[in-house]
Amino acid sequence: MHVLILGGTTEARRLAERLAAEALPGLRVTNSLAGRVSAPRTPPGEVRVGGFGGAGGLAAWLHEHTVDLLIDATHPFAGTISSNAAQAAAITHVPLLALRRPGWVPVEGDVWHGAGSLAEAAGLLPSLGRRVFLTTGRTGLAAFAGLDDLWFLVRSVDPPEAPCPSRMEVLLERGPFTLDGERELLRRHRIDVLVTKDSGGAATAPKLTAAREAGLPVVVVRRPAMPEGVPVVTEPARAARWVREALARHPSARRCGPHVSG
């Protein structure tokens, strides 16, 4: 049975590691990386890098490579890829599961301002602060390029794409980040407002705690909606269980002898 994991996230890598460690007989796993990060952390199993050419291209790849299960474990903001995955699964009748880390939830002391897009987030900034810690990734900075009265500290894994804010300093760093490190960063750069996407997860959450402690406003860009009808799990262990259950039902399992659960 062939499983294609659309990955590039910590959750996708942990799922691939779990499946590799279980060494399930008759299971083939291919990990697909978009190739947008210059030095990705390569998961175990087969790896392909690059896009598919839209929903039709992905459907053709699923058919050509006899994929039995499709797992969308991409970033919560990879809306186009998730939409293509849903369409390709419908075209090919390949079962699809989405693996998504839970979003962040505000707690007492947080001063959060929700935004539906990067453009909406940019519109909120002039009334909230003048020194901005921007942690929305290397793409989409065009939304902030016209805010010439503000200064931006931009953190991303790879150099950001133009157009960018005119007053900007770039930090090329990859998480996870520590709370002490985030506190010092806010202090050293005199940050007075934070902008982030609701990516969820623990690796980049310390910035939220540091902002709360400092009493800073945080602009949180909401996630795009998941395609309708796609089942979602939040833990790699649940996705691995879904694969095991499908493998037990697969015709090849009957050729390999009786299945013992547990």
Review point. Quick one: which of A121, A55, A90 is of a type in the set (A, V, I, L, M), over 17 Å from the mean Cα position of the chain (by Cα) and in the same structural domain as G175 (by TED's automatic domain parsing)?
Key: A121
Exercise for review: Determine, yes or no, whether T136 is buried (at least 16 other Cβ atoms within 10 Å of the Cβ) and assigned by TED's automatic domain parsing to the domain that holds H65.
Suggested key: no
Practice item. Looking only at the stretch 132-152, count how many residues are in a strand (DSSP E or B) and farther than 21 Å from A211 by Cβ. Key: 0
Exercise for review: Determine whether I5 is surrounded by 17 or more Cβ atoms within 10 Å (Cβ to Cβ) and either of a type in the set (D, E) or touching a residue at least 24 places away in the same chain (Cβ under 8 Å) (or both).
Suggested key: yes
Revision key, fill the gap. Flagged in the stretch 90-146 as of a type in the set (A, V, I, L, M, F, W, C), under 27 Å from A16 (Cα atoms) and free of Cβ contacts under 8 Å to residues at least 40 places away in the same chain, in numbering order, are A90, I91, V94
**Study point:** Test: G123 is surrounded by fewer than 22 Cβ atoms within 10 Å (Cβ to Cβ) and at positive phi
**Key:** no
Study note, to complete from the structure: Filtering the stretch 214-224 down to residues that are touching a residue at least 60 places away in the same chain (Cβ under 8 Å) and out of contact with any Phe, Trp or Tyr (no Cβ under 6 Å at 6 or more places or on another chain) yields G215, L216, P217, V219, V221, R222, R223, P224
Check your understanding: What about T178, is it more than 23 Å from G79 (Cα to Cα), in contact (Cβ under 8 Å) with a residue 12 or more places away in the chain and of a type in the set (S, T, Y)?
Key -> yes
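The values are calculated or read from the model by the stated rules, or taken from the named source; none is laboratory data. What you see is a predicted model; the values in this text were computed from it and never measured. Quick reminder, even Gly has a Cβ in these numbers, built from the backbone with ideal geometry, and neighbours come from all protein chains shown.
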